[in-house]
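Okay, so here's the structure we're looking at.
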Amino acid sequence: MSHLDAFLNALQADAALVHRPENLHWISGFTGEGMLFVSRDRHVIVTDSRYTEQARRQAPDWELVMVAADRAYPAVAARLAGEAKADSILLETDYLTYDGYRSFAEALPGAELKSLAGVPEALREIKDEAELASIRRAAKIASDALMNILPRLHAGLTERQAQIMLEFEMLNLGSEGVAFDTIAAAGINGALPHAVPSDHVIQNGELLTLDFGATIDGYRSDMTRTIGFGSVGAELRELYETVRVAQQAGVDALGPGAVCGDVDKACRDIIQAKYPAEVFGHSTGHGVGLYIHEQPRVSSGSATVLRPGHVVTVEPGIYIPGLGGCRIEDTVIITAEGIVDTIDAPKHLIEL
């Protein structure tokens, strides 16, 4: 079944207007800017002159309508809805701005407007074989990029230099772009889970956390490795080993039928046996696909049951202000038989 067919089967209205870029891509194959009008009988990409040729190439089976200065998106939507006799229309109320929603409401006064309520996101949770192949390629590029730059990493580099080196290597290996803003956090900056790479100079005795991913066909990978420089002290070494054991326990807990909350607990119990709860404040993982943070959430109390085709991360961490931090992360595919860990970079403490 095509993605469009799956969306139409889930469509509980006469038509839908889709704006979120990842959903445009998933439903139609079009990766430019614009809007989809989808009804049972018409499938239309609405965009401007910058993207018309791209739309024709990427989605040749879709009808194409152009907007212009005197023919804005709400006016086009109103015309298409009238032609389709659509009395009920779904919109991405979690994506449109308030003003954007109002503009469509004013252009469609006779239609019942309702929320699309995350229908495309729910459909995107389970990946097909083509999607999984793209994610695996992206993961391979990211893993290879890290291994390729390890001989060039050394104390004296800045976090920014490590970031640039890693991102260049991913691009050189074929990534379409970074999957998200790369994190490179050394020393006490490692206590910041989402640290922004800075001019901090990496010192011997510090840990460097690298959280990064590649992109293939729009699909992302996500991985984290923490690397030591020089001789890492006993406190940081114990911190690292605790995270490594917890992360492996989380991976081992994955599989078809596993409950996301139980996977989170497998990691959290190991860390909290040695450290206070506040050192690991974020969820254990999340779904990955066209967007870097998708459903399902691998979080405390989540009752979501994993199924073949789910792709999730496992990324516990420990963050201690004034000392530093560590995170280890893999992107893992759930299969009918078990799992495929797409990240093959080593997890033991590497000291450069």
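Structure summary
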{"quantity": "Flag if residue 246 is crowded, with 23+ Cβ neighbours inside 10 Å and in the same structural domain as residue 162 (by TED's automatic domain parsing)", "calculated": "yes"}
{"quantity": "Qualifying residue in region 274-291 (condition: among the basic types (Lys, Arg) and more than 23 Å from residue 258 (Cβ to Cβ))", "calculated": "yes"}
{"quantity": "Matching entry among 141, 188 (being within 20 Å of residue 204 (Cβ to Cβ) and either in contact with a strand residue (DSSP E or B) (Cβ under 9 Å, 6 or more places away or on another chain) or not in a helix (DSSP H, G or I) (or both))", "calculated": "188"}
{"quantity": "Single unsatisfied condition, residue 107 versus (1) surrounded by 18 or more Cβ atoms within 10 Å (Cβ to Cβ); (2) farther than 18 Å from residue 9 by Cβ; (3) not acidic (Asp, Glu)", "calculated": "(1)"}
{"quantity": "Subset of region 263-278 that is part of a helix (DSSP H, G or I) and among the basic types (Lys, Arg) - its residue that is surrounded by the fewest Cβ atoms within 10 Å (Cβ to Cβ)", "calculated": "265"}
{"quantity": "Residues located in region 325-336, provided they are out of contact with any Pro (no Cβ under 8 Å at 6 or more places or on another chain) and farther than 23 Å from residue 184 by Cβ", "calculated": "332, 333"}
{"quantity": "Test result for residue 300, of a type in the set (S, T, N, Q), part of a loop (DSSP other than H, G, I, E, B) and under 15 Å from the mean Cα position of the chain (by Cα)", "calculated": "no"}
{"quantity": "Number of the exception - residue 325 against (1) within 19 Å of residue 222 (Cβ to Cβ); (2) surrounded by fewer than 24 Cβ atoms within 10 Å (Cβ to Cβ)", "calculated": "(2)"}
{"quantity": "Lone unmet requirement of (1) surrounded by fewer than 19 Cβ atoms within 10 Å (Cβ to Cβ); (2) within 24 Å of the chain's Cα centre (by Cα); (3) not small (Gly, Ala, Ser) for residue 201", "calculated": "(2)"}
{"quantity": "Residues (within 13 Å of residue 156 (Cα to Cα) and within 26 Å of the chain's Cα centre (by Cα)) located in region 185-197", "calculated": "186"}
{"quantity": "In region 296-310, residue surrounded by the fewest Cβ atoms within 10 Å (Cβ to Cβ) [restricted to those that are β-branched (Val, Ile, Thr) and in contact with a Pro (Cβ under 9 Å, 6 or more places away or on another chain)]", "calculated": "305"}
{"quantity": "Qualifying positions in region 193-247 - in a loop (DSSP other than H, G, I, E, B) and under 30 Å from residue 23 (Cα atoms)", "calculated": "193, 194, 195, 196, 213, 214, 217, 218, 221, 222"}
{"quantity": "Boolean, residue 180 is more than 19 Å from residue 281 (Cβ to Cβ), out of contact with any Pro (no Cβ under 8 Å at 6 or more places or on another chain) and surrounded by fewer than 19 Cβ atoms within 10 Å (Cβ to Cβ)", "calculated": "yes"}
{"quantity": "Residues that are within 12 Å of residue 221 (Cβ to Cβ) and buried (at least 20 other Cβ atoms within 10 Å of the Cβ), drawn from region 166-177", "calculated": "170, 175"}
{"quantity": "Within region 35-44, tally of residues that are touching a residue at least 40 places away in the same chain (Cβ under 8 Å) and within 24 Å of the chain's Cα centre (by Cα)", "calculated": "1"}
{"quantity": "Options 313, 284, 342; residue that is out of contact with any Lys or Arg (no Cβ under 8 Å at 6 or more places or on another chain), modelled with pLDDT of 95 or more and buried (at least 21 other Cβ atoms within 10 Å of the Cβ)", "calculated": "313"}
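For every residue, the table says whether it meets (1) free of Cβ contacts under 8 Å to residues at least 40 places away in the same chain; (2) in a strand (DSSP E or B); (3) surrounded by 17 or more Cβ atoms within 10 Å (Cβ to Cβ).
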{"position": "8", "(1), (2), (3)": "yes, no, no"}
{"position": "13", "(1), (2), (3)": "no, no, yes"}
{"position": "17", "(1), (2), (3)": "no, yes, yes"}
{"position": "26", "(1), (2), (3)": "no, no, yes"}
{"position": "33", "(1), (2), (3)": "yes, no, no"}
{"position": "46", "(1), (2), (3)": "yes, yes, yes"}
{"position": "64", "(1), (2), (3)": "yes, yes, yes"}
{"position": "74", "(1), (2), (3)": "yes, no, yes"}
{"position": "81", "(1), (2), (3)": "no, no, yes"}
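The values are calculated or read from the model by the stated rules, or taken from the named source; none is laboratory data. Values in this document were obtained by computation on a predicted structure and should not be read as measured data. Every residue, glycine among them, receives a Cβ derived from its backbone with ideal geometry; neighbour counts consider all protein chains shown.
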